[in-house]
Amino acid sequence: LTDKVMHAYSLGAERVEDVMEMVRIAGGLSHEEFEARPRMYTNINSTSPLKHDHPMIDGCLRMIRRGQAVIVSPFTLAGAIAPVPMAGADTQSIAEALAAIALFQHVRPGCPCVIGTFTSNVDMKSGAPAFGTPEYMRATQMTGQMARFYGLPLRASGSCAANVPDGQAIWETSNALWSAVQSGTHLVYHAAGWLEGGLIASPEKFVMDCEVVQQIERYLEPDLCATGADEIAVAAIEEVGPRGHFFGAAHTQARYTTAFYQPFLSDWHNFEAWEAAGAVWTPERAHQTYKAILDEFEPPSMEPAIREELGDFVARRKAEGGAPTDF
């Protein structure tokens, strides 16, 4: 169970209709209340170049007719299914996104739509998708500019192509996350946990990415660059003078517990102290952290009647055969 906003894959009518009904039941909502405002969303990718699949468009149309949000994120890989130059790849991506968004607005004017960016490049030696590259970062920023031009919210990603939670994984995802911030992104999809181009969901990588995300959140807090008298701290500088230190200063003592970002995963000890403590590498610490999170997890509460209704719906749909998987 989760109390986060729910998401449905637009892969045919049954999946979308089932998830909308489950979200409605879980929220204890009437059909009218469910449709009064967005309660969930879906995200679709185009089938580049210049095509959308029927199941995805059908799923989105079902969502918007019931007042739910859709994100259109063309998956354009420069050099493979889009032009090599980022300007050309982004042009194609914007065109594919706007084609779908225009259709949705025609069907239900004013329906909540988000434009997404998932433009990157391929490894021209192998054809494999690459993520978190300089080209990926620029494409995200370019889409952000166009999203502002069209007045649309923006979705970006925290992607990577690495196969294990190592240095490559972190720098690729960090690149992707920072380009999302620089682009004015409203929603970062896959912000944590990606490996192997999204083929692997790694708990360790998820924890490592959350450390990066929280550091970025701290970077964006206004108080970090506040310039009031207390922040400029001329009086404290005068008090300490050229021969003192700030550890014991009253100004420091009043602020040190909340002054800086405190990591939950990073190890700031020197090598000798780190080695004496067991020489635990970051992925190992992340593994321990995610295990502890699972052990301490408490699912959000749900009224027994709602839980029973939800369970009955799931059991009935399973008995009916569920949603088809072959398109």
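Which residue out of T227, T252, T289 is among the polar types (S, T, N, Q), more than 28 Å from V181 (Cβ to Cβ) and at pLDDT 95 or above? Step through it out loud before you land on a result.
Details: T227 fails: more than 28 Å from V181 (Cβ to Cβ); T289 fails: more than 28 Å from V181 (Cβ to Cβ).
Of the residues listed, the single one that is among the polar types (S, T, N, Q), more than 28 Å from V181 (Cβ to Cβ) and at pLDDT 95 or above is T252.
Just so you know, in the range 141-179 the residues that are under 16 Å from the mean Cα position of the chain (by Cα) and among the hydroxyl-bearing types (S, T, Y) include one that is surrounded by the most Cβ atoms within 10 Å (Cβ to Cβ), and it is T173. Would you please name the residue that is nearest to the chain's Cα centre (by Cα), looking only at residues in the range 231-249 that are in a helix (DSSP H, G or I) and touching a residue at least 12 places away in the same chain (Cβ under 8 Å)? That would be A236.
A count restricted to the range 5-48 and to residues that are in a loop (DSSP other than H, G, I, E, B), out of contact with any Asp or Glu (no Cβ under 6 Å at 6 or more places or on another chain), over 24 Å from A305 (Cβ atoms) and among the hydroxyl-bearing types (S, T, Y) stands at 2.
For the range 74-92, what are the residues that are touching a helix residue (DSSP H, G or I) at 6+ places or on another chain (Cβ under 7 Å) and under 13 Å from S48 (Cα atoms)?
Taking the range 74-92 and keeping what is touching a helix residue (DSSP H, G or I) at 6+ places or on another chain (Cβ under 7 Å), we get 74, 76, 78, 82-83, 86, 89-90.
Those that are touching a helix residue (DSSP H, G or I) at 6+ places or on another chain (Cβ under 7 Å) and under 13 Å from S48 (Cα atoms): P74, T76, A78, A82, P83, A89, D90.
Look at (1) within 25 Å of R285 (Cβ to Cβ); (2) touching a Lys or Arg at 6+ places or on another chain (Cβ under 7 Å); (3) surrounded by fewer than 22 Cβ atoms within 10 Å (Cβ to Cβ) and you find that G184 fails only one, number (1). State all residues of the range 111-138 that are under 17 Å from the mean Cα position of the chain (by Cα) and assigned to a helix (DSSP H, G or I); if no residue qualifies, say none. Passing the criteria: Y136, M137.
The values are calculated or read from the model by the stated rules, or taken from the named source; none is laboratory data. Fair warning: this is a prediction, and the values are worked out from it, not measured in the lab. Cβ coordinates were reconstructed from backbone atoms using ideal geometry, including for glycine residues, and neighbour counts include every protein chain displayed.
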